[in-house]
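Colleague: First the structure, which I've put down as structure tokens, then a few questions once you've had a look.
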Amino acid sequence: MTRPVAVITGATSGLGRIAALELARRGYGLGIVARSPDRAEALLAELEEATGSAAHADVFLADLGVVAQVRRAGREIAARYARLDVLVNNAGLHAFSQRVTAEGLAEMTAVNHVGPFVLTQALTDTLLASGPARVVNVASEASRRAGSITPATDLRDTTPYTRRESMARYARTKLMTIMWTQELARRLDATKVTVNCCDPGFNATGLGRDLPGSAALRRVLDVLRIGDPRRGAGIIVRLATDPAFAHTTGGYFSVRDAKPLRCPEPGRGADVQRQLWTETESLLAGMPSIPPRHI
């Protein structure tokens, strides 16, 4: 019997790592989208140890914050797999100060919204041809703190911000995750591909890599058993594999017993969600499609 295949981003650490290990234990072959070759190799070794056999996994190197690299990785994945059962857009970033990519995007917006959007577009035909297939996007309860959303402006906003102001910016990108999840669900045939997202809760491994002292704080939280990433990974795997969600699409689910959540305002309406989609496509249309020579 053919082994099912799941592609997952952000799998070399945190929630993604735990989810990747669990999917491998359940018999999935994995396509790992990673930024670091060394971390990817370490994950392959861990997968082999966890499953007791050579890892059924491929590595696709790309920085989710660089559109050209994501496009190239998407082409490589589509060429590698004739069938794709699950796509997990897990990679995320909370940047505590503004960084602008070489392509002119705010890095946090690029990693948390534009990159996953591009990768999913690149793999949509493969997912549809593989139906029933699933897309799982990792959002956050932080989306409730977005305050406002103006897609045309927010997608292109590269103005500086302080550490205190970073939460609203991060929240906005995670609100975008929920918004485009629900718009994509409307655009796809749910009998072939379902699309859902989740709030994985607070996880110690999700602390921003820019936060001073984050490593020490993470160790303290681990000792106190606060922010256990296994819970967050559990809702990801559940949406990706549980038969109970086989026919559910356009949903946003909590780490707490997969409770259904509503998309926070102001991103709840179909009109603003469609606007985000249109503005994202417009933004991408102005970017070169040729990937850089080096990652």
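The values are calculated or read from the model by the stated rules, or taken from the named source; none is laboratory data. These numbers were taken from a predicted model, which means no experiment stands behind them. For neighbour counting, all protein chains shown are included, and Cβ atoms are generated from backbone atoms with ideal geometry for every residue, glycine included. SASA here: full protein model, heavy atoms, side chains in, ligands and nucleic acids out. Shrake-Rupley method; radii C 1.70, N 1.55, O 1.52, S 1.80 Å.
Colleague: Has region 156-175 got any residue that is in contact with a strand residue (DSSP E or B) (Cβ under 7 Å, 6 or more places away or on another chain) and among the charged types (D, E, K, R)?
Modeller: There is at least one residue in region 156-175 that is in contact with a strand residue (DSSP E or B) (Cβ under 7 Å, 6 or more places away or on another chain) and among the charged types (D, E, K, R).
Colleague: I would also like to ask the following. Can you pull out the residues in region 144-162 that are under 15 Å from residue 279 (Cβ atoms) and of a type in the set (A, V, I, L, M)?
Modeller: Once the filter is applied, which keeps residues that are under 15 Å from residue 279 (Cβ atoms) and of a type in the set (A, V, I, L, M), region 144-162 yields 149, 152, 155.
Colleague: Same structure again: In this structure, is residue 119 crowded, with 18+ Cβ neighbours inside 10 Å and under 30 Å from residue 172 (Cα atoms)?
Modeller: yes
Colleague: Please work out if residue 153 is of a type in the set (Val, Ile, Thr) and touching a residue at least 60 places away in the same chain (Cβ under 8 Å).
Modeller: Here the answer is no, as residue 153 does not meet what is asked.
Colleague: Restricting to region 148-204, count the residues that are touching a Gly at 6+ places or on another chain (Cβ under 9 Å), surrounded by fewer than 20 Cβ atoms within 10 Å (Cβ to Cβ) and β-branched (Val, Ile, Thr).
Modeller: Residues in region 148-204 being touching a Gly at 6+ places or on another chain (Cβ under 9 Å), surrounded by fewer than 20 Cβ atoms within 10 Å (Cβ to Cβ) and β-branched (Val, Ile, Thr): 2 in total.
Colleague: Still on this structure, please answer the following. Among the candidates 61, 44, 127, which residue alone is surrounded by 23 or more Cβ atoms within 10 Å (Cβ to Cβ) and not acidic (Asp, Glu)?
Modeller: Only one candidate passes the filter, namely 127.
Colleague: Does at least one position in region 56-67 carry a residue that is acidic (Asp, Glu), more than 20 Å from residue 127 (Cα to Cα) and assigned to a loop (DSSP other than H, G, I, E, B)?
Modeller: Yes: region 56-67 contains one or more residues that are acidic (Asp, Glu), more than 20 Å from residue 127 (Cα to Cα) and assigned to a loop (DSSP other than H, G, I, E, B).
Colleague: Further question on the same structure: Determine which single condition residue 110 fails, assuming it passes every other condition in (1) part of a helix (DSSP H, G or I); (2) within 25 Å of residue 192 (Cβ to Cβ); (3) of a type in the set (Gly, Ala, Ser).
Modeller: Unmet condition: (2).
Colleague: Right, something else. Do any residues in region 130-144 that are open to solvent by less than 10 Å² (accessible area, probe 1.4 Å) have Cβ atoms under 6 Å from those of residues that are among the basic types (Lys, Arg), where the two are at least six apart or on different chains, and which pairs are they?
Modeller: Partner pairs satisfying both residue conditions: 130/83; 139/174; 142/174; 143/174.
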